[in-house]
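Have a look at the structure below, then the notes.
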Amino acid sequence: MTSAARTEPSGTEPSGTVRDPLRDADRLRDADRLRDAEPLRDADPLRDLVESMDVLRSPGGCPWDAEQTHESLVRYLLEETYELVETIETGDRAGLREELGDVLFQVVFHARIAAEDHDDPFTLDDVAADLVAKLHRRHPHVFGDDEYVDAAHLTTRWDQIKQQEKARASVLDGIPLDQGALSRAQKVVSRAQRAGLLDDALQTDVATLPDGTTLPDGTSQPDGRSQAGDTTQPADTSQPDGTSQAGDTSGRRDDRTGPEPIDATEIGAELLAVVRRAQDAGIDAEGALRATVRQLEDAIRAAEQ
């Protein structure tokens, strides 16, 4: 791997001074003792985390940490995120606390690497400041003069704000291309439904779908054509701050999601059955869904014109 350029963090020795790792370790141990002795209100664990990361990346620190890049850390960020999701889904409270820390470490690690960039450096403080500003923009009913009406109005307002911020040409802009096929498919359908484009897109794209295939709006006919007239839109899973809510696996059903009652267990069983059919047929289920979603995306963009 190519070593990233390293600079001294603010508040440390001037450039060119060789740091003593033993002294740095003593400094951290002294800080630990001080924290134990001082009142809890004087503790600053987040600042301690940033300073520890500084030591790891600086000369005399950890060679492995020092040579990491944004690219080399991607796999670890994904792993830690999946581990965090698992603790949430399994109700592992102790694990949740630990995995939140591991994900936070990845954020601090990437921010430290970004601070070393010669052309466009930014720090963890910059990241936090941008996030605070974003939260304020996305919640004008809390931090501004807007009034909260209901969830539907809030979602519409959020779409307007995001459109102003991003100047996006399509409702599909901003959906990560590397997102898993299933979660990406649900996001595409959600965006298109909220914009009132899904029905038109399905009518445009229906000829490309195999006969009998259940369409993304949850309806199908024997000839593969969608049933007309159902324009009901399910609640979007996006929050006003741009994040997404976790899937509801409680088995509760939103009556707005389709004409027939179905719960999470049934959906899971149907998806598993489709995967088994794909496996028996020698078909890559992930690739097949990606290809079909791309066709749907083309139809949605055409419907936007």
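Below, the figures for the structure above:
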{"read-out": "Cα pair distances of segment 44-90 binned at 5 Å [whole percent]", "value": "5, 19, 15, 18, 23, 13, 6, 1, 0"}
{"read-out": "Whole-angstrom gap from segment 55-105 to segment 117-174, using each part's C-alpha centre", "value": "26"}
{"read-out": "FRET efficiency estimate (nearest 0.05) - Cβ-Cβ, D120 to R97, R0 35 angstrom", "value": "0.55"}
{"read-out": "Relative packing of 261-267, 190-196, 298-304, which averages over residues the other C-beta atoms within 10 Å, highest first", "value": "190-196, 298-304, 261-267"}
{"read-out": "For D145, net neighbour charge (Lys/Arg +1, Asp/Glu -1) across residues whose Cβ lies under 14 Å away", "value": "0"}
{"read-out": "Per-residue Cβ neighbour rank within 10 angstrom, fewest leading, T69, T292", "value": "T69, T292"}
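No value in this document is a laboratory result; all are computed from the given coordinates. All of these numbers come straight from a predicted model, not from anything done at the bench. Please note: Cβ atoms are built from the backbone with ideal geometry, for glycine as well, and neighbour counts cover all protein chains shown.
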